[in-house]
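**Q** Here it is: the structure, laid out below.
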Amino acid sequence: MKKILIVEDDREIAELERDYLEASDFEVAIEGDGLKGQQEALKGKYDLIILDLMLPGLDGFNLCRRLREELDIPVIIVSARQTDIDKIRGFGLGADDYLTKPFSPNELVARVKAHVSRYEQLTAKEQTRIAQLSCGRLTLEAKSHRVFKDGEEVHLTNREFELLQFLMENRGLVFSRETLFERIWGLDALGDSATVAVHINRIRDKIEPDPAHPSYIETVRGAGYRFHRD
């Protein structure tokens, strides 16, 4: 049975989410405080985390950032904050999805199932992929899920790693944002292809010698992105 952690200080909302998830055969735990949620997430071996932003102890943005330093499991933000800035910040800190309140509990369950399934597929595929990919000063190790720049490890979120790995495996080929969204997030993903641009920019900030003039991930105007071919 897959385990889900809900970090939400509104008990009524948390219990509603729990009831719908348990009805779909998930095991669910609830924490109402950001710091306690962090402790539970790091010790509980969960398959996915549902995270509110307005939390006591530690807000959801900082909690998401801290979790991403240790975990690569899917994180879904569920928040009443609906601005694009909040969504972009959430994705930039490593969230895999962003759902605004009020929401349909059935939609939440659908997103949880999609992300858990996608993560399982990704984990299985890692066993058959090329063990190591290199370009210039950049090295990606598929099995250990690690990236190195000039010999120093670069910490990427799960989605950032998937996106970089896909582009490196298909270097020289151009992919539109829509195609990348379908390939990385999945055909049944619920979201916006603009998310791809946010993740590309985050990857560039971490791997490029000069993110303003990228030498690895190139933008092809009107077409999409490609990874530079040596």
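**Q** Quick one: in region 219-230, which of the residues that are exposed (fewer than 15 other Cβ atoms within 10 Å of the Cβ) and outside any loop (DSSP other than H, G, I, E, B) is nearest to the chain's Cα centre (by Cα)?
**A** Restricting to residues being exposed (fewer than 15 other Cβ atoms within 10 Å of the Cβ) and outside any loop (DSSP other than H, G, I, E, B), the top hit is T219.
**Q** Take the residues of region 101-132 that are aliphatic (A, V, I, L, M) and modelled with pLDDT of 90 or more: which is nearest to D10 (Cα to Cα)?
**A** Taking the candidates together, the pick is L108.
**Q** For region 169-218: of the residues being outside any helix (DSSP H, G or I) and among the hydroxyl-bearing types (S, T, Y), which is modelled with the lowest pLDDT?
**A** Among those that are outside any helix (DSSP H, G or I) and among the hydroxyl-bearing types (S, T, Y), it is S193.
**Q** Let me confirm something: among R111, R81, which residue is touching a strand residue (DSSP E or B) at 6+ places or on another chain (Cβ under 6 Å) and either among the charged types (D, E, K, R) or at negative phi (or both)?
**A** The conditions single out R111.
**Q** Moving on to the next point. Being under 19 Å from the mean Cα position of the chain (by Cα) and charged (D, E, K, R): is that true of R11 here?
**A** When the stated conditions are applied, R11 does not pass them.
The values are calculated or read from the model by the stated rules, or taken from the named source; none is laboratory data. None of the values given here were measured: they were computed from a predicted structure. Note: ideal-geometry Cβ built from the backbone for every residue, glycine included; neighbour counts use all protein chains shown.
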